């Protein structure tokens with residue numbers, strides 16, 4: 001869904017010959033309306049807001065793809081928060097780098113980032129974020145490998161906790177991709193929250209390694 005706004009006077013962005021495009025995403029598990037995000041983006045000067053209700057884990061975010069495709073050099077894409085646009089930190093950093101190369105800016109209404117305001121320092125900040133993301137990724141891979149090896153050595157049992165199996169783990173991943181919350185997955189599977197988190201972190205790491 002796309003929302004266009006009409007204004008009685010030109011915005012600063014319009015006078016500067018660039019456009020501000022907003023993107024709003026609401027998780028399928030949330031009960032609150034997406035309207036709050038749309039209004040915040042409108043107030044931030046966005047002339048068009050692309051919006052959709054979809055899980056953050058889903059790769060099929062058509063409105064987000066359309067929003068990115070409308071951007072030209074000098075334009076900016078605006079979110080209320082960075083997590084509205086990206087599935088994980090790595091995707092966020094990769095997209096920021098890609099947009100930077102295209103001369104497109106990123107801004108959040110919560111003040112977390114504004115690459116236009118950063119000016120020549122934007123590539124430096126994104127580079128620092130990239131370095132931190134890579135360190136975190138390597139730490140996750142190391143922890144995941146250690147966890148997998150420990151489980152293999154202990155027949156899949158982590159310190160006396162109930163064992164899971166491939167069927168249950170695939171069910172956890174599927175339920176999460178469908179937009180279910182951790183607590184909802186726990187109630188449907190009987191698996192502890194800590195185990196659910198471990199399964200999903202391992203799955204995300206595997207997917208990232210395949211995509212790398």
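Read-outs throughout are calculated quantities, based only on the coordinates presented, and are distinct from any laboratory measurement. Owing to the predicted nature of the structure, the values given are computational and were not obtained by experimental measurement. Positions of Cβ are backbone-derived with ideal geometry, glycine not excepted, and every protein chain shown enters the neighbour counts.
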At 7 Å along the Cα-to-beta-carbon direction for both residue 60 and residue 82, put a label point, then send me their distance in nm to one decimal.
-> 2.8
Shape category assigned to the stretch 74-119 from the gyration tensor of Cα positions, a/c cut at 1.5 = oblate
Within 10 Å of each residue's Cβ, count the other Cβ atoms and sort 182, 23 from fewest upward.
-> 182, 23
